[in-house]
1. Within the stretch 1-50, how many residues are charged (D, E, K, R), at pLDDT below 90 and under 15 Å from GLY84 (Cα atoms)?
2. Can SER193 be described as assigned by TED's automatic domain parsing to the domain that holds ASP45, outside any helix (DSSP H, G or I) and either in contact with a Pro (Cβ under 6 Å, 6 or more places away or on another chain) or polar (S, T, N, Q) (or both)?
3. Would it be correct to say that ASP57 is over 14 Å from the mean Cα position of the chain (by Cα), modelled with pLDDT under 90 and over 19 Å from ILE187 (Cα atoms)?
4. Mind checking which pairs have a first residue in the stretch 33-58 that is part of a loop (DSSP other than H, G, I, E, B) and a second that is acidic (Asp, Glu), Cβ under 9 Å, 6 or more apart or different chains?
5. Can you pull out the residues in the stretch 234-244 that are surrounded by fewer than 23 Cβ atoms within 10 Å (Cβ to Cβ) and more than 16 Å from ASN58 (Cβ to Cβ)?
6. What's the total number of residues in the stretch 211-264 that are charged (D, E, K, R), over 14 Å from the mean Cα position of the chain (by Cα), outside any strand (DSSP E or B) and under 26 Å from GLY78 (Cα atoms)?
7. Before we move on, is VAL185 closer than 21 Å to LEU55 by Cα and at pLDDT 90 or above?
8. Does the stretch 149-173 hold any residues that are surrounded by 15 or more Cβ atoms within 10 Å (Cβ to Cβ) and among the polar types (S, T, N, Q), and which are they?
Amino acid sequence: MPFANVSQGNVDMLDTTQNNAPIVQMNNIEKHFGNIIALAGVSFDVRPGECHCLLGDNGAGKSTFIKTMSGVHQPTKGEILFEGKPMNFATPRDAMEAGIATVFQDLAMIPLMSVTRNFFMGREPTKGSGLLKRFDVDHANDVTMEQMRKMGINLRGPDQAVGTLSGGERQTVAIARAVYFGAKVLILDEPTSALGVRQTSNVLATIDKVRNQGIGVVFISHNVRHALAVGDRFTVLNRGKTLGTAQRGEITPEELQDLMAGGQEMAQLEGSLGGTV
């Protein structure tokens, strides 16, 4: 199994086939909340134009990992490099302005507002000045329709309420918004967890489009099949630690699933119960 000989502190040496340097590199990251150790030596990186999947079961530390990479939490120990320089983002806004965009499961959208309003929320384009300064509706509508078409979504109109979109289409709006505003790294938190088969296919196709634009994608999931559909590299997180990183073709779906679920523990349990699990 390729995970066996991977060193936790040398994630940057794993991918010798690519010469492009990592956009974000996390080295031996620890995050403590009092006596609770949420991350206990996580090493991870993401490179331009790749989809690096972080796999882990519930409670593995994925949420803390996301928040540490995106500037919500400051690491207790370890080093995070952004484009080769130490990353010291005080707030998520700092990370966002630098080019690290995170799409969380709740998507941070208002269902009753239009797609355009959600697309530009907090970053509304304006025209005029002084007392005549106002939201440039026509420009915002044109951009929204164009960006959604690029992602393969044809809206009825820019004033369509987000609440009328499917779950996959809402994910695409959030991804398109991040790409338009200059994301260099896109972190996706379980984007397919609550979607049907067709919607999942659309989201995975969108991830592929984003990757082909040279953006680094961090795809966080507990679904091995979805990860294997788009992933270039795979890192398994278990109880706050990374078990190692494998490239596409180096590990089977069964091996990934066993690592996520604690295959050895399950095998021992099956043995103790006479194979009835």
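The values are calculated or read from the model by the stated rules, or taken from the named source; none is laboratory data. Just so it is clear, the structure is predicted and the values come from calculations on it, not from any experiment. For neighbour counting, all protein chains shown are included, and Cβ atoms are generated from backbone atoms with ideal geometry for every residue, glycine included.
1. Going residue by residue through the stretch 1-50, those that are charged (D, E, K, R) are 12, 15, 30-31, 45, 47, 50.
When the remaining residues are screened for being at pLDDT below 90, the result is 12, 15.
If we keep only those that are under 15 Å from GLY84 (Cα atoms) as well, we get 12.
Qualifying residue count for the region: 1.
2. Details: assigned by TED's automatic domain parsing to the domain that holds ASP45: yes; outside any helix (DSSP H, G or I): yes; either in contact with a Pro (Cβ under 6 Å, 6 or more places away or on another chain) or polar (S, T, N, Q) (or both): yes.
Answer is yes for this residue.
3. Working: over 14 Å from the mean Cα position of the chain (by Cα): yes; modelled with pLDDT under 90: yes; over 19 Å from ILE187 (Cα atoms): no.
No; evaluated as a whole, the condition is false for this residue.
4. These pairs meet every condition: ARG47/ASP15; ARG47/ASP232; GLY49/ASP232; GLU50/ASP15; GLU50/ASP232.
5. Listed by number, the residues that qualify are LEU243, GLY244.
6. 1
7. Working: closer than 21 Å to LEU55 by Cα: yes; at pLDDT 90 or above: yes.
So VAL185 fits the description; yes.
8. GLN160, GLN171, THR172
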